[in-house]
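The values are calculated or read from the model by the stated rules, or taken from the named source; none is laboratory data. All of these numbers come straight from a predicted model, not from anything done at the bench. Reconstructed Cβ throughout: ideal geometry from the backbone, glycine too, with neighbour counts over all protein chains shown. These accessible areas exclude ligands, DNA and RNA; they are computed on the full protein's heavy atoms, side chains included. Shrake-Rupley method; radii C 1.70, N 1.55, O 1.52, S 1.80 Å.
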Amino acid sequence: DTTQSLTEALGDSAKTDAEGNQSQDEQRKKFERENPFFAVLTPPSQDQFTSQSTSPVVGYALPTDTAQVNAYLRLPEVRPLLPADVKLLWTAKPDSPDSPYLTLIAIANTRDGVAPLTGDAIVDTKQDFDPDNNQPIVSMSMNVDGAKIWRKMTGDNKGRSVAVVLDNLVYTYPTVNQEIPNGQSVISGNFTVEEAADLANVLKAGKLRAPVRIEGGEIVGPSLGVQTTERGLISFVLGFLAVVGFMVAYYRGSGVVASLALVLNLVFIVGVSAAFNIAMTLPGIAGIILSLAMAVDANVLIYERIREELEAGRSFRPAIAAGFKNALSSIIDGNVTTLITAIILTWVGQGPVRGFGVTLIIGILTSMVSAVIITRMMLDYRSSKSEKTNLSFGVAGATRFFKRSGLNLVGARKRNYALLVGLCLAVAVCIGGFGFKLGVDFLGGRQYLVEFADAPKDLDVVRADLKAAFEGNEPVVKTIGASQQLLITTAYLQEQPDADEQVETKLLAGLSVHFAAQQPTILRRTTIGPTVARDIRDSAFKAVALSLLGIFLYIFIRFRRWQFGVSAVISLAFNVLIVLGLFSLLGALNVQFSVEIDQVFIAAVLTIVGYTINDTVVVFDRIRENLDEHRSSSSLAELYRRALNDTLSRTVITATSVLLTSAIMFFIAGTVLQGFMLAIFMGIIIGTFSTLFLASPLSLDLLVRFSGLSKPKQALATS
């Protein structure tokens with residue numbers, strides 16, 4: 001009744017003017033002149049006044065007009081018209097995906113301003129499906145006290161609406177159909193799965209004691225654009241097929257087995273991600289790439305060990321058993337160190353860092369299953385058919401090359417140190433001289449909501465035109481709401497707060513290069529700050545620091561020598577520093593793709609860290625094995641040299657497989673992904689070299705210098 005009287009009071013003049021005999025256009029203009037309030041707020045229809053008297057809807061307005069509506073409602077002349085027991089709140093988003101309007105809702109206001117039932121009463125919520133029509137719904141359960149209040153509320157308000165409010169925004173206002181006695185409720189409506197999941201999260205967030213301040217929010221489409229997303233998917237599939245082809249070409253029959261295990265591993269990752277509603281973002285793609293790299297590495301480790309056993313004269317079945325046994329230690333060590341990193345990233349990180357960590361945890365677990373269990377089952381099945389096998393475990397020419405390479409990376413380590421130190425100094429000079437091109441995430445900037453008469457077909461063209469207009473500054477372009485609206489964020493002239501007009505002129509000039517016919521119009525201008533990005537950046541630094549500490553402690557415990565942990569951490573720092581220097585240089589050269597330091601770059605760096613530590617630990621594991629098996633050898637340096645050569649084939653094969661995926665995605669996926677893939681590509685190359693030329697030789701020197709070790713019999717004991 002209160003809502004009906006309110007809408008009738010506000011709508012009297014609207015109904016009176018609607019009875020005129022002028023043309024529709026003249027009537028509208030006259031109406032807006034005489035009723036400026038209803039020029040920005042559309043009242044409910046005549047049917048809603050009569051047949052839906054219990055509807056809480058007061059009116060509808062565009063998001064850009066809500067501030068003006070609020071200003072009118074605060075006028076001294078308007079306030080007396082509003083009942084004291086009514087509170088007006090806007091919906092968080094349009095009621096329908098096809099509507100651009102927000103809805104103004106009237107809700108009952110209590111004396112103390114506190115809702116009769118708060119989020120503290122909610123025990124759990126989840127997105128579910130209606131068993132009758134399979135439509136998405138939200139299931140909600142309450143504690144005992146909440147169930148009592150809910151029973152009274154629903155019993156007293158049959159046929160009325162109940163609003164779900166978070167931070168003064170109405171997320172839904174379903175109609176009460178019947179009294180709910182036990183606190184078990186279902187909210188139904190024309191939901192999509194995503195909308196139902198969002199509502200469930202909102203209800204869960206209502207349990208938070210701390211108030212939430214939302215600085216801005218939008219319903220946005222894919223930030224990469226549909227075309228870039230499709231190209232990214234195509235390039236990833238092609239890269240994966242290239243890895244499969246490489247494994248088959250190198251290992252022949254056994255490569256087919258490994259490829260089947262890789263395909264199953266990818267299916268497991270996607271399936272688990274879908275089951276837990278994990279969004280597939282750039283950090284997620286990075287986590288999948290690293291997971292597949294580790295799965296490839298596990299298969300390579302196993303195959304190289306089996307090949308060694310076959311060359312030593314073992315028959316097929318014993319060689320398989322020995323190969324898996326000898327490779328298991330390296331596989332476990334490599335996966336555990338990366339798993340430690342992933343857990344810490346998930347625990348401490350925010351945003352893309354946490355997304356990367358979650359995907360990586362899934363990938364590590366599935367890669368262990370695919371490599372250790374599925375590959376073993378297929379090879380055991382093959383060996384059960386015959387003791388003799390025609391399976392190949394490596395191209396003969398390549399295996400002979402690696403076996404006879406005789407590289408003495410240990411002997412040349414002092415010269416290599418000098419080169420690496422010189423490279424670090426050059427990178428430091430480069431970073432100091434050129435700095436970095438920081439993305440909007442870390443700088444803040446200006447944000448524009450731009451509407452077109454027709455949806456732009458190619459967002460890459462929009463980005464390229466705007467980048468040129470903004471003098472090389474890469475904008476972030478997203479679809480928002482309707483496909484003909486774009487949300488454009490730029491850090492161009494961010495340091496000049498009085499340059500708004502200049503930036504807008506550049507924006508419209510850039511949009512008019514190829515889209516002048518679509519009549520680009522700026523609907524809203526916003527200044528954004530880097531507060532959230534700083535939180536994500538700081539959490540990323542904290543997560544990486546804790547990950548390095550966790551890696552050091554694991555290696556120290558596992559290898560019984562701190563020298564291995566220190567050399568691994570130094571190697572990781574070297575890799576990240578070189579990639580930073582490379583991006584600083586490319587930023588100064590104004591390359592055509594994005595080399596900004598942003599959240600995407602953080603995901604790439606985390607991938608590099610994960611790959612490098614896995615690569616390094618595998619080599620360390622072979623060094624430890626050689627130390628245990630050949631204690632009577634004359635030189636610790638000789639055992640290091642032998643260990644590096646024994647693992648050289650595995651190092652090169654694993655790196656090649658990851659580089660194939662990265663290279664294909666770099667050239668095909670589009671400009672948005674090129675900087676991301678370049679960072680991973682260069683990180684894999686640098687990580688491989690640092691394992692061979694820095695981490696391993698440095699651990700040798702640290703052992704000799706600080707432990708007085710020069711003979712294997714003095715070295716570490718088996719952990």
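Keeping the other protein chains in place, figure out the carbon and sulfur percent of the accessible area of region 231-320, with a 1.4 Å probe.
74
Tell me, what is the FRET efficiency for V186 and V272 to the nearest 0.05, using R0 = 25 angstrom and their Cβ-Cβ distance as r? Don't skip to the end; give the middle numbers.
Numbers: r = 28 Å, r/R0 = 1.10.
Computed FRET efficiency for V186 and V272: 0.35.
In whole angstrom, note down how far apart the Cα centers of region 292-351 and region 643-698 are.
Comparing the Cα centres of region 292-351 and region 643-698, I get a distance of 18 Å.
Give me the accessible area of S635, 1.4 Å probe, in Å² rounded to the nearest 10.
About 40 Å², ignoring ligands and nucleic acids.
Can you flag which of K437/K478; K93/K437; K30/K87; K29/K478 are past 28 Å Cα-Cα?
Over 28 Å apart, Cα to Cα: K93/K437; K30/K87; K29/K478.
Among rounded, prolate and oblate, which fits region 253-337 when a ≥ b ≥ c are the square roots of the eigenvalues of its C-alpha gyration tensor, a/c under 1.5 means rounded, and a/b larger than b/c means prolate?
Prolate.
Which of the listed residues, A121, S96, V86, is farthest toward the dipole's positive end in region 30-187, when Lys, Arg count +1 and Asp, Glu count -1 at the beta-carbon?
Going by the charge dipole, the pick is V86.
Once amide H atoms are built 1.01 Å from N in the peptide plane, which residues 5 or more positions from V86, or in another chain, come under 5 Å H to H?
N109
For the pair F436/A39, report the inter-label distance in nm, with labels modelled 7 Å from Cα in the Cβ direction.
According to this spin-label approximation, the distance is 4.9 nm.
When Lys and Arg each count +1 and Asp and Glu each count -1, what net charge do the other residues less than 15 Å away from G255, Cβ to Cβ, add up to? List each step's numbers first, then the result.
Working: positive: R252, R307, R382, R650; negative: D297, E304.
Taking every other residue near G255 into account, the sum is +2.
How would region 98-148 be classified by its alpha-carbon gyration tensor: rounded, prolate or oblate, with rounded meaning a/c under 1.5 and the a/b versus b/c comparison settling the rest?
Working: a/c = 3.12, a/b = 1.13, b/c = 2.76.
Oblate.
Evaluate 2.2 N^0.38 Å with N set to the residue count of region 539-633, then give the Cα radius of gyration divided by it.
Numbers: Rg = 16.8 Å, N = 95, 2.2 N^0.38 = 12.4 Å.
Rounded to two decimals, the normalised Rg is 1.35.
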